Each structure stands twice: as C-alpha cells, then as structure tokens.
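**Q** One structure is given below, represented as structure tokens, and several questions about it will come after.
The values are calculated or read from the model by the stated rules, or taken from the named source; none is laboratory data. Note that this is a predicted model, so its numbers are computed, not measured. Please note: Cβ atoms are built from the backbone with ideal geometry, for glycine as well, and neighbour counts cover all protein chains shown.
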Amino acid sequence: MDWQGWLSLALVAGVLGTLTLTRLKPHVVMMGALTVLITFGVLTGPEALAGFANEGLITVAAMFVVAAGINASGGAELIVTRLLGRPKKVRAAMWRMFSPVAVLSGFLNNTPVVATMIPAVNSWSRKTGIAPSKLMIPLSYASILGGTTTLIGTSTNLVLNGQYRALTGEDGFSLFSITAVGLPVALLGLLFMWLFFPRLLPDRKQNEPFANMREFTLEVAVATGGPLVDKTIEEAGLRHLVRVYLVEIERDGTIITAVPSEERLRGGDRLVFAGDTDAISDLLRINGIVPSEESDASQPLLTDRAERRLVEAVVSPHCEAVGHAIRDARFRDRYGAAVLAVARNGERIKGNLGTIELEAGDTLLLEARPAFVTRQRYNKDFLLINDLDTEQPRHDHMYMAWAILLGLVLAAGFGLISMLNAALLGAAMMLVTGCCSVHQAEKSLDLTVLITIGASFALGAALDKSGAAVFLATNIIDLSGGRPWLILVLTYMTVSLLTETITNNAAAILMLPVVLGITASAGLNPTPFIFAIMMGASASFATPLGYQTNLMVYGPGGYTFLEFMRVGIPMNIFIGCCTLTVLMIGWPLEKLA
C-alpha cells in the first residue's frame with residue numbers, strides 16, 4: 001500500500017476523532033476531508049465530487065420532498081392517531097413505534113420509511129411530551145434491523161446477492177433466506193433498545209408546558225360536516241393535548257365549562273383553548289378544526305387555507321383596531337388576516353375571542369398569507385412581526401399523498417422502475433397534485449444531511465482507490481490462522497468497521513471476493529460467511545456516518561456525535577454477538593462431506 005492509502009487511513013482516523021472530540025458539524029468535517037483528498041491528489045475533482053451526483057443522495061433528497069407531502073397533507077397525523085397512540089412512558093412509545101417501522105422496513109426501502117416517520121415522530125413527541133431525542137435514534141435502528149430480515153429489506157442484500165451469483169454462478173439466495181438470521185437478531189436488538197436506550201439517550205425536550213411565558217386564548221370551531229362532528233372530546237383527541245387545554249365550548253349561545261370527556265361535538269361548536277404557540281400550531285393541524293369565523297354552515301370544509309401560515313404580531317399603540325372588539329374591527333378586511341388567538345401580559349384573556357377589545361401590546365396569533373409579513377413590516381399598526389413559517393395542512397390531499405408514497409414503493413419494490421426514478425416521480429407528484437407547496441418542498445431539504453452524505457462518498461472512494469480497504473480486509477482475515485470460527489468473527493468485524501467509513505454496498509462488495517477466496521481454499525461453507533457480510537454491512541449503528549437513515553435522524557434528534565456513539569457502539573457490539581451466535585449455531589462452518 002502506497003502513501004495515498006496511509007493518508008486515507010489517517011484521514012479516516014482524523015475525521016472520527018474530530019467529530020468525537022469537537023463540536024464541529026459533520027458536514028463541515030466531511031467537506032474538510034474532501035478538500036484534503038483533492039489537494040493531495042488522492043482523488044481527482046470529479047472523483048471527490050462524484051458523491052453529490054450519486055443516485056443514493058438524490059434519492060434521499062427526493063424522499064425528503066415526498067415526506068414533506070405526507071406531512072403537509074396531514075398524513076403524519078394519521079400515523080400518530082391510528083398507529084402510535086398516546087403512550088406516557090419512553091419505553092411504551094418505543095414499543096409502539098418499533099412494530100410498524102421494523103415490519104415496513106423488511107419489505108420497503110429504509111429511506112422512505114424513515115423519511116415518512118420523522119415528521120410523524122416529531123409531531124407525536126410534541127403531543128406526548130416525550131423528547132424527540134429519545135425516539136429518533138431508535139427510529140433509525142428499528143428500520144435498519146427490519147431491513148435485515150429479508151433479501152429485499154435493504155439494497156445491500158440485493159447488491160451482494162447479485163455479485164455472489166455473478167462470481168460463483170450459483171442461483172443465489174431466496175427472499176427469506178436471510179430471515180433465519182435477521183429475524184432473531186432484529187427481535188433481540190429491539191429488546192436491547194427497549195431495555196437500555198431510555199437511560200442512554202439524551203432527554204432534550206423542545207419546550208416545557210407554557211415555558212414561553214405567553215399563554216394564548218384561542219377560539220376555533222368544529223367544521224360543519226367535518227370528521228369531528230358527533231365525536232366525543234376524547235375520541236376527537238382534544239382531551240390530552242400537551243401545552244394546550246380546552247377551556248370551554250360555546251354552543252347556540254350557551255357556554256359549557258369544565259367540559260367532560262364524554263361531551264359530543266356538533267358542527268359549528270366554538271371551542272376556546274388556552275396554550276402556547278407551538279401547541280396551537282399542532283391543534284390547528286387537526287382535521288375538522290377551523291378558525292371560528294369560518295365555521296359557517298354554508299362553508300363546511302375550507303379549501304383556501306393551504307397557502308396561509310401562522311404569524312405572531314404585537315399590536316402598536318397606533319393600530320387602528322385598538323379599543324375595538326376583534327369582531328367589530330373588521331380585521332380580515334383591513335389587514336387580510338384572521339385573528340386566531342390573543343395573549344396579554346403573558347396571561348389568558350377570558351371571554352369570547354370576538355368580543356375581546358384589543359389593547360396596545362397585545363400579542364396576536366394570526367393566520368395570514370405570506371405577503372402579509374412583508375406588507376406589515378412597513379406599517380405602523382404592529383411593532384413586531386414574527387412569521388412562524390407554518391402552513392396549514394391540506395387534509396383533503398391526505399389520501400392522495402399516501403397513494404403516491406405507496407405507488408412509488410410498490411413500483412420500486414417490484415422492479416418496475418429504480419428507487420431513484422420512483423423517488424423523483426413521487427416528489428414531482430407531491431408538487432403537481434398540491435400535496436405540498438414549493439416552499440414546503442424547499443424547506444424539507446436538509447442541506448447539512450445532504451452535504452454530509454455527498455462528501456462522505458469521497459472518503460470511501462479514497463479507501464477503495466488507494467487499496468486501503470482491501471489491505472485492511474486481507475490483513476484482518478489473515479489474523480485468523482485458518483480457524484473457521486475466527487474467520488467468521490473477523491469477517492463480520494471487518495465489514496462492520498468498513499461500513500462505518502465507506503458505503504454499505506462498497507464494504508460488502510469489497511469483502512465478498514476476499515471471503516469467497518478464503519472459504520474456497522479452506523474448504524469452508526460459504527453461506528454463513530455471506531450472511532455475516534450481509535448483516536455486518538447493514539447493521540451499522542456506531543456513528544451517524546455509517547448508514548444514511550442515521551444521518552437523517554441526526555439533526556431532528558439534536559444529537560452530538562459523541563451521544564450517537566454512546567448508544568451506537570454498544571448496539572454494534574450486541575448485534576454483532578447475536579449475529580455470530582446465531583450463525584455458529586444454525587450453520588456448519590465447514591463443508592459437509
């Protein structure tokens with residue numbers, strides 16, 4: 001191995017050390033490594049930048065847009081309501097999340113599963129009061145474990161099976177060949193997370209109840225003909241909301257206070273809530289809840305709210321609406337915005353929202369179009385404008401969004417089109433059908449994740465081109481001294497180490513010919529060794545760089561690199577021990593006579 005190989009290995013060690021010991025962001029460190037590789041001529045410019053044109057990266061970017069369509073149409077709330085429920089403890093939340101994620105990942109690509117679940121888990125976290133940092137890593141790991149249970153659960157298994165057939169001329173493995181290894185390992189891995197991760201993961205809650213010291217009075221209505229009509233308060237999901245509570249119901253001129261859970265909602269009911277900004281934003285995403293002024297029976301479901309967003313505004317002493325009740329101030333006609341909630345001196349204002357007389361200094365939560373913010377910045381009526389950048393869900397597009405996601409997954413799963421084409425078509429359909437706006441699609445693209453993924457390919461390419469990867473693999477295997485069990489252990493360890501620094505597929509493909517050569521010359525049964533490569537390449541937990549779903553949850557969970565390693569390294573060791581134990585018990589390592 002020449003100096004380029006040693007430089008590549010040193011760079012890998014430097015990247016891991018920097019991410020572990022400093023607070024530098026992964027995309028900054030990875031771009032620095034890419035710059036070094038180009039500067040010293042280890043890679044040419046096109047080779048170093050090839051990762052940004054990699055179809056895996058573009059697939060992830062397109063799936064962010066697909067996930068935005070699911071979220072913007074209210075599809076994430078459908079998952080939360082129907083599947084996840086309202087657990088009170090972290091362990092209960094994990095168990096509810098594991099089943100759908102692991103099962104789906106066994107038959108679908110991990111990327112769309114995790115991309116779809118990230119906004120759902122975020123919304124679920126706010127409703128249950130459980131920090132996203134307690135759930136995002138388990139989400140990624142459950143998806144990874146689920147993907148190891150079938151041949152189509154991960155692209156690595158498919159790529160390796162195709163390479164095995166090409167090199168050996170054998171028929172390859174069936175859909176459930178790997179299940180005998182993957183299923184018990186996945187179950188043990190989920191149990192390990194359930195037992196230990198609640199203590200190991202950081203508790204980084206976004207907001208404590210009413211921590212912003214500003215409690216809004218919010219008045220909304222039950223849409224006439226909407227899905228909440230004739231449901232009880234409990235069934236409608238309005239009883240156990242976090243950071244917002246139902247104060248009273250106004251119905252036919254009468255006020256219902258201390259509202260019981262069994263109270264049934266009627267179309268046109270005006271509901272008065274108290275809560276903070278984030279909680280109100282979640283409340284307005286419920287299908288069937290509309291602003292109180294738009295609850296007219298002649299307009300049962302609204303179709304023009306999709307482009308509006310939530311805006312906070314502080315009333316100026318010069319505002320023409322000061323001294324007038326909101327209903328009499330003709331707020332919508334005058335400003336093109338609807339008042340949803342009012343806060344005064346950090347306290348809830350009693351009474352009907354429409355009858356509240358505005359005072360200077362009141363904080364209003366408005367629903368307005370994007371142009372409102374620009375227009376009012378130069379107006380004397382408001383002292384401060386804060387665009388919360390929250391658009392209302394397009395609930396009438398919910399099932400369309402899910403149909404698009406299901407269609408792209410089935411098309412890719414049955415091999416009709418590639419996953420890249422399916423993701424791009426899915427993203428385009430989300431925009432064309434109006435499931436999400438262009439603004440929402442742009443906002444969904446997490447550039448730090450995409451830059452990290454694209455730049456990480458350069459490090460893998462350097463290890464491959466310089467011969468460092470093959471050097472590591474062959475020397476580690478040589479340590480076995482010809483003992484079959486030690487060859488199996490070192491095979492798994494080598495793949496597991498490689499996959500943390502280069503792509504899963506690359507690690508598997510590099511190791512396959514080396515292992516096939518060793519097993520052929522030593523007269524060993526290749527099957528358990530192939531399964532060890534499949535499992536080692538997929539079961540990547542130690543760092544966020546090892547698997548793209550790890551990178552996808554890295555930002556939303558608010559993790560540091562060290563926090564990821566604190567749970568990832570024990571997980572890697574545990575899954576490795578489980579995999580090797582199952583392989584040694586279930587398969588003979590030497591060929592039968």
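**Q** Filter the stretch 126-151 for residues that are of a type in the set (Gly, Ala, Ser) and outside any helix (DSSP H, G or I); which is modelled with the lowest pLDDT?
**A** The selected residue is Gly129.
**Q** From the residues in the stretch 395-419 that are modelled with pLDDT of 75 or more and under 18 Å from Ile286 (Cα atoms), which one is surrounded by the fewest Cβ atoms within 10 Å (Cβ to Cβ)?
**A** Per the criteria, the residue is Tyr399.
**Q** Let me ask something additional. In the set Ala341, Ala422, Ala368, which member is modelled with pLDDT under 80, small (Gly, Ala, Ser), buried (at least 21 other Cβ atoms within 10 Å of the Cβ) and out of contact with any Ser or Thr (no Cβ under 7 Å at 6 or more places or on another chain)? Can you show your working first?
**A** Numbers: Ala341 fails: out of contact with any Ser or Thr (no Cβ under 7 Å at 6 or more places or on another chain); Ala422 fails: modelled with pLDDT under 80.
Of the residues listed, the single one that is modelled with pLDDT under 80, small (Gly, Ala, Ser), buried (at least 21 other Cβ atoms within 10 Å of the Cβ) and out of contact with any Ser or Thr (no Cβ under 7 Å at 6 or more places or on another chain) is Ala368.
**Q** Also: Does Glu312 qualify as being modelled with pLDDT under 80, part of a strand (DSSP E or B) and surrounded by fewer than 20 Cβ atoms within 10 Å (Cβ to Cβ)?
**A** yes
**Q** Being part of a helix (DSSP H, G or I), in contact with a Phe, Trp or Tyr (Cβ under 7 Å, 6 or more places away or on another chain) and more than 28 Å from Leu195 (Cα to Cα) is the requirement here; does Gly69 meet it?
**A** Working: part of a helix (DSSP H, G or I): yes; in contact with a Phe, Trp or Tyr (Cβ under 7 Å, 6 or more places away or on another chain): no; more than 28 Å from Leu195 (Cα to Cα): yes.
Spelling it out, it is not the case that Gly69 is part of a helix (DSSP H, G or I), in contact with a Phe, Trp or Tyr (Cβ under 7 Å, 6 or more places away or on another chain) and more than 28 Å from Leu195 (Cα to Cα).
**Q** Here's something else I'd like to know. Out of all the residues in the stretch 353-361, is one or more at pLDDT below 80, surrounded by 15 or more Cβ atoms within 10 Å (Cβ to Cβ) and under 26 Å from Thr254 (Cβ atoms)?
**A** Checked against the condition, which is being at pLDDT below 80, surrounded by 15 or more Cβ atoms within 10 Å (Cβ to Cβ) and under 26 Å from Thr254 (Cβ atoms), the stretch 353-361 yields at least one hit.
**Q** Sticking with this structure for a sec: Out of the residues in the stretch 173-185 that are in a helix (DSSP H, G or I) and without any contact (Cβ under 8 Å) to a residue 40 or more places away in the chain, which is farthest from Arg199 (Cα to Cα)?
**A** The extreme case among them is Thr179.
**Q** Related question: Among the residues of the stretch 231-257, write down those that are farther than 14 Å from Ala274 by Cβ, at pLDDT below 80 and touching a strand residue (DSSP E or B) at 6+ places or on another chain (Cβ under 9 Å). Even if it seems obvious, please write down each step before you answer.
**A** To start, the set of residues in the stretch 231-257 that are farther than 14 Å from Ala274 by Cβ comprises 231-237, 239-240, 250-256.
Narrowing the set further to residues that are at pLDDT below 80 leaves 237, 239-240, 253.
Of everything in the stretch 231-257, just one residue is farther than 14 Å from Ala274 by Cβ, at pLDDT below 80 and touching a strand residue (DSSP E or B) at 6+ places or on another chain (Cβ under 9 Å), namely Arg239.
**Q** Further question: Note down all Cβ pairs under 8 Å where the first residue falls in the stretch 1-23 and is aromatic (Phe, Trp, Tyr), the second is surrounded by 16 or more Cβ atoms within 10 Å (Cβ to Cβ), and they're at least six residues apart or on different chains.
**A** Trp6/Ala468
**Q** Regarding Met63, is this residue closer than 21 Å to Ser444 by Cβ, out of contact with any Ser or Thr (no Cβ under 7 Å at 6 or more places or on another chain) and either touching a residue at least 12 places away in the same chain (Cβ under 8 Å) or not in a loop (DSSP other than H, G, I, E, B) (or both)? Outline the logic, then answer.
**A** Numbers: closer than 21 Å to Ser444 by Cβ: yes; out of contact with any Ser or Thr (no Cβ under 7 Å at 6 or more places or on another chain): no; either touching a residue at least 12 places away in the same chain (Cβ under 8 Å) or not in a loop (DSSP other than H, G, I, E, B) (or both): yes.
Criteria not met by Met63.
**Q** Please determine whether any residue of the stretch 154-172 is in a helix (DSSP H, G or I), modelled with pLDDT of 80 or more, under 23 Å from the mean Cα position of the chain (by Cα) and small (Gly, Ala, Ser).
**A** no
**Q** Any residue in the stretch 85-92 that is surrounded by fewer than 16 Cβ atoms within 10 Å (Cβ to Cβ) and in contact with a Lys or Arg (Cβ under 7 Å, 6 or more places away or on another chain)?
**A** yes
**Q** I would also like to ask the following. With respect to Thr217, is the statement that it is farther than 27 Å from Ser496 by Cα, at pLDDT below 80 and among the β-branched types (Val, Ile, Thr) true? Steps first, please.
**A** Values: farther than 27 Å from Ser496 by Cα: yes; at pLDDT below 80: yes; among the β-branched types (Val, Ile, Thr): yes.
Considered against the rule, which asks whether it is farther than 27 Å from Ser496 by Cα, at pLDDT below 80 and among the β-branched types (Val, Ile, Thr), Thr217 comes out as yes.
**Q** Is it the case, given these coordinates, that Ser456 is surrounded by fewer than 22 Cβ atoms within 10 Å (Cβ to Cβ), of a type in the set (Ser, Thr, Tyr) and modelled with pLDDT under 85?
**A** no
**Q** Let me ask you something else. Determine which single condition Val60 fails, assuming it passes every other condition in (1) over 14 Å from Leu190 (Cβ atoms); (2) in contact with a Lys or Arg (Cβ under 9 Å, 6 or more places away or on another chain).
**A** That leaves (2) as the condition not met.
Table: residues versus (1) among the aliphatic types (A, V, I, L, M); (2) surrounded by 22 or more Cβ atoms within 10 Å (Cβ to Cβ); (3) touching a residue at least 60 places away in the same chain (Cβ under 8 Å).
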site: Ala115; (1), (2), (3): yes, yes, yes
site: Ser125; (1), (2), (3): no, yes, yes
site: Ala131; (1), (2), (3): yes, no, yes
site: Ser140; (1), (2), (3): no, yes, yes
site: Ile144; (1), (2), (3): yes, yes, yes
site: Leu158; (1), (2), (3): yes, no, no
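**Q** A further question follows. Within the stretch 51-64, is even one residue modelled with pLDDT under 85, of a type in the set (A, V, I, L, M) and touching a Pro at 6+ places or on another chain (Cβ under 8 Å)?
**A** Yes; the residues of the stretch 51-64 include at least one that is modelled with pLDDT under 85, of a type in the set (A, V, I, L, M) and touching a Pro at 6+ places or on another chain (Cβ under 8 Å).
**Q** May I ask you to list the residues in the stretch 1-29 that are outside any helix (DSSP H, G or I) and either modelled with pLDDT of 85 or more or surrounded by fewer than 16 Cβ atoms within 10 Å (Cβ to Cβ) (or both)?
**A** Of everything in the stretch 1-29, those that are outside any helix (DSSP H, G or I) and either modelled with pLDDT of 85 or more or surrounded by fewer than 16 Cβ atoms within 10 Å (Cβ to Cβ) (or both) turn out to be Met1, Asp2, Thr22, Arg23, Leu24.
**Q** Looking at Pro87 and the list (1) assigned to a helix (DSSP H, G or I); (2) closer than 30 Å to Leu191 by Cβ, which single condition is not satisfied?
**A** Here Pro87 clears every test but (1).
**Q** What residue, among those in the stretch 562-587 that are surrounded by 23 or more Cβ atoms within 10 Å (Cβ to Cβ) and farther than 18 Å from Trp194 by Cβ, is modelled with the lowest pLDDT?
**A** Checked the stretch 562-587; the qualifying residue modelled with the lowest pLDDT is Phe564.
**Q** Continuing with this model, one more query. Could you please tell me which pairs satisfy a Cβ distance under 9 Å, a separation of 6+ or placement on different chains, a first residue in the stretch 251-271 that is on the phi > 0 side of the Ramachandran plot and of a type in the set (Gly, Ala, Ser), and a second residue that is surrounded by 12 or more Cβ atoms within 10 Å (Cβ to Cβ) and outside any loop (DSSP other than H, G, I, E, B)?
**A** Ala258/Glu248; Gly268/Ala221; Gly268/Val222; Gly268/Arg251
**Q** Could you tell me whether Ile79 is surrounded by fewer than 20 Cβ atoms within 10 Å (Cβ to Cβ) and either on the phi < 0 side of the Ramachandran plot or among the basic types (Lys, Arg) (or both)?
**A** When the stated conditions are applied, Ile79 does not pass them.
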